[in-house]
Amino acid sequence: MTETADRPVGVALIGTGMWGRQLAAALQRTTALRLVCCYSREEARRRAFAADFRCQAAPSFEAAVDHPEV
């Protein structure tokens, strides 16, 4: 088995607008990927997105891409 089959690859989603929501919905339909965290410059949008898609709201772009599960 590949690593992907054993454990989903963690994803950080940058941008929580319409396209980000489309991508997050697609991520929920696969077992190969897992949405770990998201980042948006607007804190309210970031927190709402994280609640909607059950992921962490990263406080910065750097924190999102450097997240240990990504």
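Just to verify a result, which residue in the range 1-13, among those that are closer than 16 Å to GLU69 by Cβ and loosely packed, with under 15 Cβ neighbours inside 10 Å, is nearest to the chain's Cα centre (by Cα)? Outline the logic, then answer.
Of the residues in the range 1-13, the ones closer than 16 Å to GLU69 by Cβ are 3-4, 6-13.
Remaining after also requiring loosely packed, with under 15 Cβ neighbours inside 10 Å: 3-4, 6-7, 9.
Working: GLU3: 19, THR4: 17, ASP6: 19, ARG7: 16, VAL9: 11 Å.
Only one residue tops the list, namely VAL9.
Within the range 16-28, track down each residue that is open to solvent by less than 40 Å² (accessible area, probe 1.4 Å) and over 12 Å from the mean Cα position of the chain (by Cα).
Across the range 16-28, the qualifying residue is only GLY17.
Taking the range 32-58, which residues are over 10 Å from the mean Cα position of the chain (by Cα) and either of a type in the set (A, V, I, L, M) or more than 13 Å from GLY15 (Cα to Cα) (or both)? Steps first, answer last, please.
Here is the first cut: in the range 32-58, the residues over 10 Å from the mean Cα position of the chain (by Cα) are 32, 40-48, 51-52.
Result: ALA32, ALA44, ALA48, ALA51, ASP52.
Which count do you get for residues in the range 35-70 that are closer than 15 Å to TRP19 by Cα and in contact with a Lys or Arg (Cβ under 9 Å, 6 or more places away or on another chain)?
7
Tell me, yes or no, whether the range 29-47 has at least one residue that is without any contact (Cβ under 8 Å) to a residue 12 or more places away in the chain and surrounded by 12 or more Cβ atoms within 10 Å (Cβ to Cβ).
Yes; the residues of the range 29-47 include at least one that is without any contact (Cβ under 8 Å) to a residue 12 or more places away in the chain and surrounded by 12 or more Cβ atoms within 10 Å (Cβ to Cβ).
Quick one: how many residues across the range 60-70 are open to solvent by less than 100 Å² (accessible area, probe 1.4 Å) and out of contact with any strand residue (DSSP E or B) (no Cβ under 6 Å at 6 or more places or on another chain)?
2
Among the residues of the range 1-36 satisfying the criterion of being of a type outside the set (Val, Ile, Thr) and at pLDDT below 95, which is farthest from ALA51 (Cα to Cα)?
So, considering only residues that are of a type outside the set (Val, Ile, Thr) and at pLDDT below 95, the one farthest from ALA51 (Cα to Cα) is MET1.
Among (1) in contact (Cβ under 8 Å) with a residue 24 or more places away in the chain; (2) over 15 Å from VAL65 (Cα atoms), where does TRP19 come up short?
(1)
Would you point out which residue out of ALA44, ALA12 is out of contact with any Ser or Thr (no Cβ under 7 Å at 6 or more places or on another chain), aliphatic (A, V, I, L, M) and in a helix (DSSP H, G or I)?
Values: ALA12 fails: in a helix (DSSP H, G or I).
Selected residue: ALA44, the only one of ALA44, ALA12 that is out of contact with any Ser or Thr (no Cβ under 7 Å at 6 or more places or on another chain), aliphatic (A, V, I, L, M) and in a helix (DSSP H, G or I).
The values are calculated or read from the model by the stated rules, or taken from the named source; none is laboratory data. None of these values were measured; they are calculated from a predicted model. Cβ sites come from the backbone with ideal geometry, for glycine too, and all protein chains shown count toward neighbours. These area figures cover heavy atoms from the full protein model, side chains too; ligands, DNA and RNA do not enter into them. Shrake-Rupley method; radii C 1.70, N 1.55, O 1.52, S 1.80 Å.
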